[in-house]
Amino acid sequence: MQPEEQKAHSSETAQASEETDSSASSETTGPTRPDGTPLAPEEIQHLEQLKQTDREVRQHEMAHQTVGGPYTGGASYEYEVGPDGKRYAVAGEVPIDYGPVPGNPTATIEKMQTVIAAALAPAEPSSKDIQVASQARQYLLEAKLEAAREQSEMNAARSAGEATTEDVTATPNEQAA
């Protein structure tokens, strides 16, 4: 570039920068409606409440998903359109599979421990979250009882097997005497 061209280019760049700055400052005066008109103070307050609710709802559902792992599904949300025309989550849910594992009390115990933790993972569990945790606790207790019963049966079978073995080994010795 020739020195004169450089001066003209820098002058144009500075002018463009000033225009960008002035348009940005008019845009940063506050939130606007979809048509570009500024929001009233009460609308701004409502918008801030919607943004806060949206953050809380998304964090709540993410806590379920993070802790629940393979037993949770994707989150679904209910939305409200704010005065700025954008959608904000105001409620949500994450499906949790909290059914027992048929025929496998040990797997059910592990699953229910995860499900309980997932249901109660948010800072403020909902009444539905508490219900799911309660049902999972019931399944957990039933699975623990079933596992204990199975273990008891196995121990009894082992004891019976050992007693039979002792009887068999004692008989030849008695015959030799």
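The values are calculated or read from the model by the stated rules, or taken from the named source; none is laboratory data. Source: prediction; values computed, not measured. All Cβ positions, glycine included, derive from the backbone under ideal geometry; neighbour counts span all protein chains shown. For accessibility, only protein heavy atoms count, side chains too; no ligands or nucleic acids. Shrake-Rupley method; radii C 1.70, N 1.55, O 1.52, S 1.80 Å.
Give the carbon-plus-sulfur fraction of the accessible surface of segment 33-170 in %, rounded to a whole number; probe 1.4 Å, heavy atoms of protein chains only.
Details: 4610 of 8620 Å².
Within segment 33-170, the accessible surface is 53 percent carbon and sulfur.
Using 7 Å Cα-to-Cβ label points, what is the residue 51/residue 152 separation (nm, one decimal)?
Each label point is offset 7 Å from its Cα along the Cβ direction, giving 6.1 nm.
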